[in-house]
Amino acid sequence: MLEAPPEPANDGTFRIDEERPSAAAVVLALHGEADLHAAPQLRDRLRTVMDGGALGVVVDLTDTSFVDSTSLGVLLGGLKRQREEGGEMRIVVSRSEIRRIFEITQLDQVFPLHETRADALAALSSDSR
């Protein structure tokens, strides 16, 4: 039986943690609400890691309590840029309510979605072979 992921912080405070599991891959773990107010920070961070040469970007939404259309647009822009530059973007969506946002907007057909960060990183690794 699968255990439910831990509840994200309820205060909605947005932050992005960054990890570099390899020279060409970056994980951006979003926390809190990815809304209109957080979108510029997300856009800037995506630009920074892409400008830094990250060919594989994993955006981990495990600790994200909400994603609005503005942040979805930022993610779409990042995906487009990554693909144009020969890179990949993977999204970790373990929470059913966040996955539902991707399904309603049909973005589950656009983004490669993964249940875990490990799955997303493994998919990046297999794409680079």
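Could you work out the relative contact order of the chain? I mean the mean sequence separation of Cα pairs under 8 Å and 6+ apart, divided by the number of residues, in percent. Walk me through the intermediate numbers first.
Details: 208 pairs, mean separation 29.3, N = 129.
That works out to 23 percent.
Checking every one of the GluC sites (Glu not before Pro) in region 48-112 against DSSP loop status and a limit of 13 other Cβ atoms within 10 Å picks out E85. For region 14-25, backbone phi angles converted through the Karplus equation (6.51, -1.76, 1.60; θ = phi - 60°) give residue-by-residue couplings of 8, 8, 10, 9, 10, 10, 10, x, 7, 5, 9, 10 Hz, Gly and Pro being listed as x.
Residues L46, L113, arranged from fewest to most other Cβ atoms within 10 angstrom of their Cβ, appear as L113, L46.
Counting only DSSP beta bridges with both residues in the chain, the antiparallel share comes to about 25 percent. Computed over neighbours whose Cβ is under 11 Å from that of E19, the net charge equals -1, Lys and Arg +1, Asp and Glu -1. Extending 7 Å from Cα along the Cβ direction at T105 and again at E19 yields two label points whose distance is 2.5 nm.
Bear in mind these aren't lab numbers, they're just calculated from the coordinates by the rules spelled out. For clarity, every value in this text was computed on a predicted model and none was experimentally measured. We place every Cβ from the backbone using ideal geometry, glycine too, and count neighbours over all the protein chains shown.
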